[in-house]
Every structure is written in C-alpha cells, then in structure tokens.
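Accompanying notes for the structure given below.
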Amino acid sequence: MELIYLECSPRKRLSVSIRLAQEFLASSRRKVPDLKVDTIDLWSLRLPDFNEYYLDAKYKIIRGKPHSEEEATAWSEVVAMTDQLKRADGYVVSLPMWNWSIPYKLKHYIDLICQPGLTWGYSRRRGHFGLLEDKPTAILLSSGSVYSRDGSDDSEAASETMPEFVKPYLRHVLGMMGLRNLHFVHAAGSDYPPEHAQPAFEQAKEEARALGETLWCHTQTS
Ligand SMILES: Cc1cc2nc3c(=O)[nH]c(=O)nc-3n(C[C@H](O)[C@H](O)[C@H](O)COP(=O)(O)O)c2cc1C
C-alpha cells in the first residue's frame, strides 16, 4: 500500500504539523507493515512556475485546442504530477495555517494539479465533477490560535471568533477533484501559553494516532 505525504511546513524539526503527521504515520505503519510513504516536501521541491505556458495549456484543454510545443512540455509535467497522485492508495497532508489559509507552497502545488481532464471535469449537465478516486485523505493541521466558528472546538481557550479558510477551502478544492473522504486533525492554539497549547497538542497527537489505526482498514480489505 502506497501513500503520498505532502509536507507543507518549512519548520521541520520544530514543526507542530509535521510532528502530528509523524504520529499519524507511525500508527499507520503499525497497522499496515508494508506501507510505503512517498514524501513530497513542498519546501525542498522546486515546483515549476505556473507561467503562461501552463496557463495557456490549461485554457486550450478547456477549449479543446491543440498545444504548442512549450505548452505540451508544460502540460506533460502536470500530467506526471497528477499520475503520481492517481497511483497512490491514500493521501496525507500536514500543514500550518498561514494568514487564515494554507501556505503558498501548497496553493502553488494545488494550482498545478487542479487541472481539467486530469483531476476534474465539467459538463453542462453535471457541472464540475472530480476525476480523482475518492481515496482516504488525512489532513494534519496546526494553527497558532483556536477557531470556534466551525463548531470544532468549544474549549475555554476558544476565545477567537475569526473565521478560518483552511478547512472550507481544502474541503472545496479537494472535493472538487473527487476527494471527499477527508479526515482533519487540528492542533489549535499552538502559539498560546503552554498550559493551553500542550494539552491541545497532546489531544491532537492522540487523535492522529487513532486515525492512523483506523483509516486504512477498509482500503486494505477492499
Ligand atoms: C507566516 C505565518 C502566518 C501565520 N498565520 C496564522 C493564522 O492566520 N492563524 C493562526 O492561528 N496561526 C497562524 N500562524 C501560526 C501557525 O499556524 C502555528 O504556529 C502553527 O502551529 C505552525 O505550524 P508548524 O509548526 O507545523 O509550521 C502563522 C504562522 C506563520 C509563520
């Protein structure tokens, strides 16, 4: 069984979200001994700029027009990236919240892979539909503050009333590509004083561990 793990924090050793992912992957490995994890570290990978050739290639696909040589080269890189995704049995994403949303490296990656005919389709009758198979996806998120508006946290520390755009955005964009079997673990309030941050982190670690134990059961037997 093969997973793709997208790592989106540059903090590495000190990263809260990466430590959650490590917990999740360790318990997944205990459950699935032959687990292969293909890590895509978005901070060491040089993603291609989404320049005019990528854009024109995308518009030409939508309009059913042939690609120029440069566009075909750009498109073949996108096809290689989406093929890599399609081969996996499941996905793991660890990320910090940045400015109420996702880090720009992850947005860059999504802009490259969210492509007509590869990860989504459109018809007048159906509207948008996903082309990725709905494989289990674990999302390990950390944020400095606590967000209560989506009802996910009712702790005393949940004093913030700000909205956050990580979960709604990922649900929408991944859902549009066909991934709806999403499982979030959120270590919220990591930048609060330790008396708030530490218990929240321990609880998120526990949730990550439990998720790793259960998430792949169905995938293995099916
Ligand atoms: C550039 C930047 C922007 C951030 N923006 C937010 C934010 O909007 N909301 C929030 O709760 N925390 C924010 N934080 C705090 C991080 O989400 C928090 O420290 C998180 O635990 C870091 O995860 P990591 O250790 O995996 O990188 C921000 C941190 C950085 C570096």
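Laboratory data are not the source of any read-out in this text; all were calculated from the coordinates shown. Here the structure is a predicted model, which means the values were calculated and not measured. Here the Cβ positions follow ideal geometry from the backbone for every residue, glycine too, while neighbour counts run over all protein chains shown.
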Collect the residues in region 9-25 that are near the ligand (Cβ under 10 Å from one of its atoms) and of a type outside the set (Lys, Arg), keeping them in residue-number order.
SER9, PRO10, LEU14, SER15, VAL16, SER17, ILE18, LEU20, ALA21
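Across region 117-141, which residue is surrounded by the fewest Cβ atoms within 10 Å (Cβ to Cβ) among those that are of a type in the set (D, E, K, R) and within 16 Å of the chain's Cα centre (by Cα)? If you could, list the steps in order and put the result at the bottom.
Going through region 117-141, the residues of a type in the set (D, E, K, R) turn out to be 124-126, 133-135.
When the remaining residues are screened for being within 16 Å of the chain's Cα centre (by Cα), the result is 133-135.
Details: GLU133: 12, ASP134: 14, LYS135: 17.
In this case the residue turns out to be GLU133.
Take the residues in region 55-103 that are aromatic (Phe, Trp, Tyr), away from the ligand (no atom under 16 Å from the Cβ) and surrounded by 14 or more Cβ atoms within 10 Å (Cβ to Cβ); name whichever of them is farthest from GLU164 (Cα to Cα). If you could, list the steps in order and put the result at the bottom.
Filtering region 55-103 down to residues aromatic (Phe, Trp, Tyr) leaves 59, 75, 91, 98, 100.
Imposing the further condition that a residue be away from the ligand (no atom under 16 Å from the Cβ) reduces the set to 59, 75, 91.
Cutting the leftovers down to surrounded by 14 or more Cβ atoms within 10 Å (Cβ to Cβ) gives us 75, 91.
Values: TRP75: 33, TYR91: 22 Å.
The qualifying residue farthest from GLU164 (Cα to Cα) is TRP75.
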Contact list please: Cβ distance under 9 Å, first residue in region 67-94 and of a type in the set (Phe, Trp, Tyr), second residue in a helix (DSSP H, G or I), pairs at least six apart or on different chains.
TRP75/TYR53; TRP75/TYR54; TRP75/ALA57; TRP75/LYS58; TRP75/LYS60; TRP75/ILE61; TYR91/LEU85; TYR91/LEU174
Exactly one condition in (1) exposed (fewer than 12 other Cβ atoms within 10 Å of the Cβ); (2) more than 16 Å from the ligand (Cβ to nearest atom); (3) not charged (D, E, K, R) is not met by SER44; state its number.
(2)
